[in-house]
Structure formats: structure tokens, C-alpha cells
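Below is one structure, written out as C-alpha cells; comments come after it.
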Amino acid sequence: MGEGGEDKSFNFLQVLFEGSIAGGTAGVVVETALYPIDTIKTRLQAARGGSQIEWKGLYSGLAGNLAGVLPASAIFVGVYEPTKRKLLETLPENLSAVAHFTAGAIGGIAASLVRVPTEVVKQRMQTGQFRSAPDAVRLIVAKEGFKGLYAGYGSFLLRDLPFDAIQFCIYEQLRIGYKLVAKRELKDPENALIGAFAGAITGAITTPLDVMKTRLMVQGQGTQYSGIVSCAQTILREEGPKAFLKGIEPRVLWIGIGGSIFFGVLEKTKSMLAERSNNKQLIRDAKSGSPKDE
């Protein structure tokens, strides 16, 4: 019961490896290209009331962030791909959306162990609290303990689990539908366009969760918010409902463009790795004198 013509059986380790390489590559490309937009979004969300945002240092924290984005993206896709394949084998074909949604959530949970500390350090550097990633890690641990690196973990999961699940579900389902209509494999620009749409829609839907996650992560030792519920209540009371949509424009722009780049690079890298594996197999078959189609 393959997806879009994929084989039912698969080599788990190969899919894990290729997914990790493709995910890491896509994550680094997106983060490097769109980091300034992400910085502006973070500063808009962190600003309370009528505070002005700083427009300098839009690449602040990029190097340290890439050190976390590479393994986090690799872990996410490395877990997502084999999980998705296994679920598609197990579930009826009409439940493929459930497979994609569930695999996205599971991939998000696995990647969160790296994503959250990376996000905490990145956002505090973006808001000018630290000058370098090593200093940020050292001072956060010294002042707040190791748990400081996981500040806002609950709100992060509250945002990222539905985000990952919804985004990948929309993307995969649109690709399946497009393939059925076009009756062929999709081209790189088509994958990128579908990725942009999936990213933009998901980014808009999850903006209120992102605002709360940002506030909790950047407050440091502050006690303004004691948790997700406290954060939501305080924002609503002091700033009104509109505050939950702070930064929605750069967020939708960033994730829309990011989705285009991420999924475009992801699919291209996956196809290149698959072609490389097939070529290696053909060479092995030729040497052994037993090609697959004999």
C-alpha cells in the first residue's frame, strides 16, 4: 500500500540514513537563507506593548543555531521517513493522512530534544541577551541550571507537534493528489510550490502558539509567566487578543518560503541519494552476474 508508487517493503537503516542526510541538508539551507526574517519575527513577538524592535544584528546567533539545526533536522526527517513508511504499510490506504500526521508528530518529539535548547539559545541571542552561542549556553546553565536550556519546552511541543504533523500531512496529501491528477512524478518546482503552501497555512494557524513559546523562552529568570496558561492569560489581559498574532506576517513569509526551500531541497536530496543507491545496486548486480530483472 505504497504512497505514490513507493515500494511497500523498505530497508529501514537506508531510509533512516537517507532521511537524516536529506533533512539535515534542507534544514541548514533554509535556516541560512531565511534567518533574518526569523529574527524580525522573534523580536516582534518578544516586544511587549508599544516597544520598538532593533533592526541591527539580524544574523545574530546563526552559527550556533546551525550547530543545532543540522542534527535536529536530521533527526526529524530520519525518524519521520521510516515511521511514515511503516505506518503506510500497516494502515489502510484511505488512512494515509493519519500515517503522515502521526509520523510528523513522532518526528517532532524526537527532534525536540535538540530543537528546544537550540531555539532557546537562538531566540535569546536574537533579542540581544548574549553575543555568542557558547556564552549563552554557559550563562544559561550557570544562572538557571540545565533546565534553563529547555525553557518553554511545553509550549514548544504545544506549537511544534501540531505544526510538524499538520505541515507534513498537508504536504504529503497534496503531493498524492497532484500525482493522481498529473499521473506522473512531481518536478522540483512543483514540490517547492506545494511545500510553500503547506508551510504558509500551517505557520498562520500556529502563530498564537508561537507567540507564547517565544515569550516563555526569552523571559529567562523572569517570573512574568509561570507556564503556558499563565502566559496566555497575561498576554490576553495586558495586550489583548491581537497580541497572539504578533509577527504573523514575517512568520507566514518565513515559513512559506522556508517550506518551499525545505521540501524542494528535501525531495531533491532524497532523489539523488536514491539514485546513488540504485546505481550502487546495479554495479553490485553486474559484478555478481545476477541483475534484478533476470
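Bear in mind that the values in this text are calculations on the coordinates, not laboratory data. Predicted model, so just to flag it, every value in this text is computed and none were measured. All Cβ positions, glycine included, derive from the backbone under ideal geometry; neighbour counts span all protein chains shown.
For the reader, a short list of remarks on this structure follows.
- Note: relative contact order over region 25-268, using C-alpha pairs below 8 Å and six or more positions apart, is 27 percent.
- Pairs from LYS56/LYS147; LYS213/LYS242; LYS84/LYS147; LYS143/LYS213; LYS84/LYS179 whose Cα-Cα separation, in the structure shown, is over 25 Å: LYS56/LYS147; LYS84/LYS147
- The fraction of all Cα pairs in region 23-161 landing in successive 5 Å bins from 0 to the largest distance is 2, 10, 16, 19, 19, 14, 8, 6, 4, 2, 1, given as whole percents.
- For the chain, built as a Gaussian network whose Cα springs stay under 10 Å, the top-fluctuating residue of VAL29, VAL116, VAL79: VAL29
- Spherically averaged projected area of region 193-294 from its Cα convex hull (nm²): 10.7 nm²
- Near THR207: Cβ cut-off under 12 Å, other residues only, Lys/Arg at +1 and Asp/Glu at -1. The net charge is +4.
- Report summary: the helix-based calculation at 222 nm, which adds -39500 (n - 2.57) for every DSSP H run with n ≥ 4 and divides by the residues of the chain, gives -26500 deg cm²/dmol.
- Per-residue 3J(HN,Hα) values for region 147-158, derived from phi via the Karplus relation 6.51 cos²θ - 1.76 cosθ + 1.60 with θ = phi - 60°, read 5, x, 6, 10, 4, x, 4, x, 5, 5, 5, 4 Hz in sequence order (x marks Gly and Pro).
- Length gained on full extension, LYS56 to GLU275, computed as 0.36 nm times the residue gap minus the Cα-Cα distance: 74.5 nm.
- For ASP135 and GLU249, the difference between the fully extended length at 0.36 nm per residue and the C-alpha to C-alpha distance is 37.9 nm.
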